[in-house]
Amino acid sequence: MSERSANGQALFEAKSLRKVFPGVVANDDVSFAVGAGEVHALLGENGAGKSTLVKMIYGLLRPDGGEMRLRGAPYAPARPGEARAAGIGMVFQHFSLFEALTVAENVALGMNDAPRARALDARIREVSEAYGLPLDPGRRVGELSVGERQRIEIVRALLQAPRLLIMDEPTSVLTPSEAETLFGTLRTLAEEGVSILYISHKLEEIRALCSAATILRGGKVSGRCDPRAETARSLAEMMIGRALAAPKATDWKPGAARLSVEKLTLPSAEPFGVTLRSLDLTLRAGDVLGVAGVAGNGQDELVAALSGETRTRPEAIRLGGAPIGGLGPEARRALGLSVAPEERLGHAAAPDMSLSENTILTARGRAGLASRGFLRKAAAEGFANRIVTEFGVRTAGVSHAARSLSGGNLQKFVVGREILQKPDVLIAAQPTWGVDAGAAETIRGAIRSLAAGGAAVMVISQDLDELMEISTLLSVISEGRLSFPVPVADITVEQIALLMGGGARAEADADA
Amino acid sequence: MDLSALNPADLAFSLIVAATPLLFAALGELVVEKSGVLNLGVEGMMILGAIGGFATAHGSGSLALAALAGAGAGALLAALFALMTQYLMSNQVATGLALTLFGLGVASLVGQGYAGQTLQVSARLDIPGLTDIPVIGRLLFGHDPLVYLSLVATALVWWFLNRSRAGLILRAVGENHEAAHAIGYPVRLVRVSAILFGGAMAGLGGAYLAVVQTPLWVEGMTAGRGWIALAIVVFAAWRPWRALLGAYVFGGVTIVQLNLQALGVAIESQYLSMAPYLVTILVLVVISADRARARLDAPACLGKPFYASS
């Protein structure tokens, strides 16, 4: 682009990159350039080829065609180690961390020539303080919050003085204040001349942070722009290639109580789990309760308790007045409580089973996919096809394994499967995590209309904008405590941010 | 019952001898499991090491050669396991069980000609002055070199896992192989190396059993020691020094059992023979009872197959 050729040579250049996987062209004729000290956004829907592209830059995949140049010289890393040696650092979306190891050990693993333990500890402290990312090298990663874990990845990358830092959806798991800190760090780095390739779904962030953007659609570059001169809406439309439907304000008239939780206290069975402390909540028909909070504050435990994977005293959880705390997931489902868990592969769906088989797993009762002990395969296929059509799941067919779908597509399928069963109560954890803007809109719309039809919904998410958009009530989970739900209209982002930082506990203590 | 017939120094001495094969095999399996691979074929690798060591000692009379041959035989069988589980992606549990059966079969076949034969390989340390010290002299300075090797190996495995970079990479691979791959470590190579080391150690343990502990070839002479070694790894919570403790505890149970039988305790001998195995089961149940604790200790990717393409 002319802007960059003006400040001289681009630091990194990709020319006509091509990568083909069996049956799909993941990247086709992808060219872009990143200047020194530039924060460059890489935008695109799920399956647009962003991950494939950065994996090639980081040496995890080899391009089938085209070339890359670093400081003008040909660059073709065969291994991540070579990429790191060439000055490329990467912060992964799903952290490449080892929970049972310490911070220092994790950092050492990501370095090509790690110094001795004591020197490394000192350097970790030094770098983490210089960039406002406090870290204790001796702590076990399993004990750390998600924000702290991300700091490890960033510090690990920074210790090798990278020239190009790739950030894959870095803020999807951070609180607003943690994200602000991160932006500060990234701006400092850019001023020091480090280039940043920034991948995110959060368009506002990209507008605030990036000075250039390359947009991918279907594996090809579909546009280039300066995000500061665009609106979030125009960026989203460039990304999905069509106009977005504006969200409608919901008419909210809560009805009778559907699900109530009373004084639920539950110690966690997991080694690094969170204990739920004296949870109280009521979901009425028509409610969409948004539960905000930083990951690892009891969300997983709450979902397990509500779904029936963890049993409680029967009276602690009531569904339409009936005590269900002692029932398992299948019995709760039959009574009308559906759950779409966060982890798609292995928890929400069986990876090696086909999509239609996966519908049978949770919908056999409510959608009539089995009778007298026999499976009704045709009905299951029909139901799976309905999910695929209504939620725009991109798949070659419902007989394909769940594993073959991209993360966002499987997420649409899993959420769609629960919504189409018309539950009375739906618990959805991170319903749009990793899902692109268009599909997220579909999912949110479906959740809203489910609530409008008289169901009660709980959405657990770390995406505050999303919660503000779809919820009628909002509550924050922090250290296993849930704040009192407040109508969304009466709360500001600042108040929520305060609660996420442990304010829920202060409030609970004040109540006591 | 005449307890005076028991000599504490003799008991301690035979305890160490009984524990050494367990220690070798457990250390090897510990490293294998730390890399995220569950090899249930320890018993098969041990017995192959036993016949390899026995045959070599029978022919050459050398303890060193026998130890090498045992380790080699164990590693050879482990290489088969590595090929099947790491390259052909077969199921680790099923392959490990098959390895045990296969090893037992091959060992009986090879060992046909040696059935009932005895060995005379003496390589006890004898340091004039030190070994002659009453009671502790023989206990500390009167063993064969392999006993000392097993203690050195414990220290080395500990150092490797906790202090060396290669050990850190091995633990990382066992903890999260996707992440290790993403950072750029050769997951498969690390695991194959660990499997071969585990096989060599199991084979060495088997060779010690057949050449030193009971210098006599009997079909199926490992008699479940491979399984006990597997149990010791869990008992040890994947820590080398606790594996040493575990091996000595289990070795001790075996010795006590044998001595009680020799003393003619009025219990059916079958019950006494059962004792070490019952203790194994008991210990495993007690250790696994605390689910959170057990999960924290175990390598997170233990037994999970790794597909390099993803």
Computed over chain B: longest principal axis from alpha-carbon atoms vs helix B:145-163 long axis, angle to nearest 10 degrees, is 30 degrees
Given the options B:ARG138, B:ARG242, B:ARG165, state which has the largest fluctuation in a GNM of chain B using a 10 Å cut-off (strictly under) for Cα springs. B:ARG165
How fast does segment B:170-269 diffuse by Stokes-Einstein, in µm²/s, taking the Kirkwood radius from C-alpha pairs at 37 °C and 0.692 mPa s? 201 µm²/s
Each label sits 7 Å from Cα toward the beta-carbon; between A:ASP113 and B:LEU65 the label points are separated, in nm, by 4.7 nm
Could you tell me the relative contact order of chain A? Use alpha-carbon pairs under 8 Å, at least six residues apart, and round to a whole percent. 14 percent
Yeah, segment B:99-206 with a ≥ b ≥ c from its alpha-carbon gyration tensor (a/c under 1.5 is rounded, else prolate when a/b outruns b/c, oblate otherwise) is oblate
Rh by Kirkwood over Cα pairs, then Stokes-Einstein D for the protein assembly as shown at 0.692 mPa s and 37 °C, µm²/s: 109 µm²/s
Charges on Cβ only, +1 for Lys and Arg, -1 for Asp and Glu, centred on the Cα centroid of chain B; of B:ALA229, B:TYR87, B:SER62, which one is farthest towards the dipole's positive end? B:TYR87
Expected max-MSF residue from B:ALA57, B:ALA223, B:ALA237 in the GNM of chain B (alpha carbon, under 10 Å) is B:ALA223
Residues whose built amide H sits under 5 Å from the amide H of A:ALA349, excluding neighbours closer than 5 in sequence, are none
If amide H atoms are modeled at 1.01 Å from N in the peptide plane, then the residues at a separation of 5 or more from A:ALA429, or on another chain, having amide H under 5 Å from its own are A:ALA340, A:GLU342, A:ILE460
Determine the sum of side-chain charges near A:LEU319: Lys and Arg each +1, Asp and Glu each -1, restricted to other residues whose C-beta is under 10 angstrom from that of A:LEU319. +2
Rounded, prolate or oblate: which fits segment A:341-399, taking a ≥ b ≥ c as square roots of the Cα gyration tensor eigenvalues, rounded meaning a/c under 1.5, else prolate when a/b beats b/c? oblate
Segment A:134-237: radius of gyration and largest Cα-Cα distance (Dmax), Å: 15.0, 46
Length-normalised contact order for segment B:3-297 - Cα pairs under 8 Å, 6+ apart - percent: 35 percent
Show log10 I(q)/I(0) for segment A:176-332 at q = 0.11, 0.14 Å⁻¹, two decimals, from a solvent-free Debye sum over equal Cα scatterers. -0.74, -0.90
Where a ≥ b ≥ c are root eigenvalues of the Cα gyration tensor, a/c under 1.5 meaning rounded, otherwise prolate if a/b exceeds b/c and oblate otherwise, segment B:8-83 counts as oblate
Can you tell me the orientation of helix B:240-263 relative to chain B, as the angle in degrees between its alpha-carbon axis and the longest Cα principal axis, to the nearest 10? 30 degrees
Which whole-number percent gives the relative contact order of segment A:218-362, counting Cα pairs below 8 Å spaced six or more residues apart? 16 percent
For the Cα atoms of chain A, what angle does the longest principal axis make with the long axis of helix A:117-130, in degrees from 0 to 90, nearest 10? 80 degrees
Leaving out same-chain residues fewer than 8 places away, which lysines sit with a Cα under 16 Å from that of A:LYS15? A:LYS50, A:LYS55, A:LYS220
What percent antiparallel are the DSSP beta bridges of chain A, to the nearest 5? 50 percent
Residue by residue through segment A:65-73, which ³J(HN,Hα) values in whole Hz follow from phi under the Karplus form 6.51 cos²θ - 1.76 cosθ + 1.60 (θ = phi - 60°), with glycine and proline marked x? x, x, 8, 10, 10, 10, 6, x, 9
Go ahead and estimate [θ] at 222 nm for the protein assembly as shown from helices alone: -39,500 (n - 2.57) per DSSP H run with n ≥ 4, summed, over the residue count, rounded to 500. -15000 deg cm²/dmol
Using only alpha carbons, build the gyration tensor for segment B:3-297 and give me the equivalent ellipsoid semi-axes, biggest first, whole Å. 31, 22, 20
A correct Karplus calculation of ³J(HN,Hα) over segment A:403-408, with 6.51 cos²θ - 1.76 cosθ + 1.60, θ = phi - 60°, whole Hz and x for Gly and Pro, returns 4, 6, 7, 6, x, x
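Just so you know, all these numbers are worked out from the coordinates, no wet-lab data involved. Computed from a prediction, not measured in an experiment: that's the story for all the values here. Every residue, glycine as well, gets a Cβ built from its backbone with ideal geometry; the counts of neighbours run over all protein chains shown.
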